[in-house]
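Notes follow once the structure below has been shown.
The values are calculated or read from the model by the stated rules, or taken from the named source; none is laboratory data. Just so it is clear, the model here is predicted, and its values are computed rather than measured. Every residue, glycine as well, gets a Cβ built from its backbone with ideal geometry; the counts of neighbours run over all protein chains shown. What goes into the accessible areas is simple: the full protein's heavy atoms, side chains included, and nothing from ligands, DNA or RNA. Shrake-Rupley method; radii C 1.70, N 1.55, O 1.52, S 1.80 Å.
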Amino acid sequence: MWDPQQYSRFADERSRPFWDLLARVRPAEPPRLVVDLGCGDGPLTLALARRWPQARVVGLDPSPQMLARARELDPDGLVEWVDGRAEDWDPATLGAPVDVLVTNAALQWVPTHRDLIPRWLEHLSATGWFAMQVPANLDAPSHVVMREVAAEHPRATELRPLLDRSRATATAGEYAALLAAAGLEPDVWETAYLHILDPAGAQQDPVLDWVRGTGLRPVLEALGEDAESFLAPYRERLRQAYPREPYGVPFSFRRIFAVGHRRAAAMGGSVGAEPLVTGLDHVQVSCAAGDEGRARAFYGEVLGMEEVPKPERLAARGGCWFRSGSAQVHVGVEPGFAPARKAHPCLVVTDLDRAADRLLAAGHEVVRDDAIPGVRRLHTHDGSGNRVELQQAP
C-alpha cells in the first residue's frame, strides 16, 4: 500500500534525481515509444510526455493508489497508465521497440532486477536509451537505525525480510558491466544529495516523514495498529542521528545512476561506431544586399544575440553572423532574395513572454502557436521577412 500524499511531501527533493538522470538521455531523433517503469504517482511521467509530445508514453506501476493519483493528474490522457509489476512486465506486448526506457527510484524494490534488465534491453530500438536511478542509502543512519530497531522488536523475525527486500541494489560498477554486456554504451555515476529538510521548522520529525513514504512503508504496513511500538524508539534515534540546525535538518542521500545508449550502425560501419552527425553548428537565413542593418536590429538588438565577426575571406560577401549560447544564426546576402515563408530557424529562449514583448515593441508581428502539446512557442519574421520561430526553454 503506497500513500501518494505521504510520498509527495518531499516532491522537490525526490524529483531532482529524475531530472539529473534525464539530462543524460539525449536521443538524436524524437522517440516514438517511451516507457516509465515504476511511474509512481505520475508527475514525472507526465513530464516525459511533455518533453516528447509526439511519443507514445507508457507508465507502469504496481500500486493502484499511485496509478489512481496519476490518472487524476492526466485528464487529457497523455500517458497510458498500466497496472503491473516490473517482474511481470513483457516489453513485447507493446508491439514496438522502446526508444527510451526510464526507471526512477523503483528497482530497489525488485530483487530480481539485475536478471530482468538484460531482457528489457533486448527490446530497445536500434538507437534506444535505458536510464535508471536507485537509492544507495542503506548504510545511512536512517536505514541502519531502522534495521537496529527492527532487530530489537518483538516481531523481528517478521520485520527482517521486509527490510532485506530493499537491499537488491547493485554497485555502480556492476550496473556499468551489465549495460556494456548488453551492447550499450554505459554512463554510470553516484551522487550524494544533502537535502535540507524542513527549513521553516513546521515538521517535528522530517526524516521520519521522509522514510514513512518509502523505506519504512513495509514495516508500518506489517505492524498496523502496533506501529507505534516501532516508531517510538526509531523516532528518538533519528532525532539523535539527524539533529536540527538553525537552517533545517541536513539529510544526506546517496543515489546510483546508470544510463545506457545503443548506437545504431553508422554508414558502412557497425554498432558502436561514432555517428556521422553529432550536432548542429548553425542555421543560415538570407537577406537582400544592404539589409544587414535590419538583421542587426532584429537578431542583435531585439533578440540580444552577439554579432560574431565573419572570417576575412567571407566578409567581402556581405551578411552578418550572430551567436547566443550554443545557437548561431548566419545571415547571408542572396541575389534575387525572397523571404523564406516555410523554412525557418527555431531559437530557444529563456522567457518567451519577454521576447514577445520586445518583438511587439519593435514592430514585429507575434503569432502564438499551441499546436504541439506542452510546448510554448511563437512565430515572427526578421527584418528581411524570413520566418523565425521562438520556443520556450523547458
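A few remarks follow.
- Calculated percent of Cα pairs over 30 Å apart (choose from (i) 58; (ii) 34; (iii) 54), label: (iii)
- Total charge dipole magnitude, the chain, about the Cα centre, Cβ charges on Lys, Arg, Asp, Glu only, Debye to nearest 20: 720
- Under Karplus coefficients 6.51, -1.76 and 1.60, residue-wise ³J(HN,Hα) of segment 50-58 in Hz, glycine/proline x: 7, 5, 10, x, 7, 8, 7, 10, 10
- Taking all Cα-Cα distances within segment 14-152, those exceeding 27 Å account for 21%.
- Stretch in the chain that is longest and holds no GluC sites (Glu not before Pro) that DSSP places in a loop and that have at most 14 other beta carbons within 10 Å: 123-364
- For VAL82, distant residues with modelled amide H under 5 Å away: GLY59, LEU60, ASP61
- Residues whose placed amide H lies under 5 Å from that of GLY128, excluding near-sequence neighbours: ARG262
- Annotation: amide H-H contacts under 5 Å for GLN328 (H modelled 1.01 Å from N, sequence separation of 5 or more, or interchain): VAL283.
- Solvent-accessible area, 1.4 Å probe, carbon plus sulfur percent, for segment 186-226: 46
- Of all beta bridges that DSSP places with both ends in the chain, some 55 percent have antiparallel geometry.
- For the chain, the longest site-free run once trypsin sites (Lys or Arg not before Pro) in DSSP loop states with at most 11 other Cβ atoms within 10 Å are removed: 1-316
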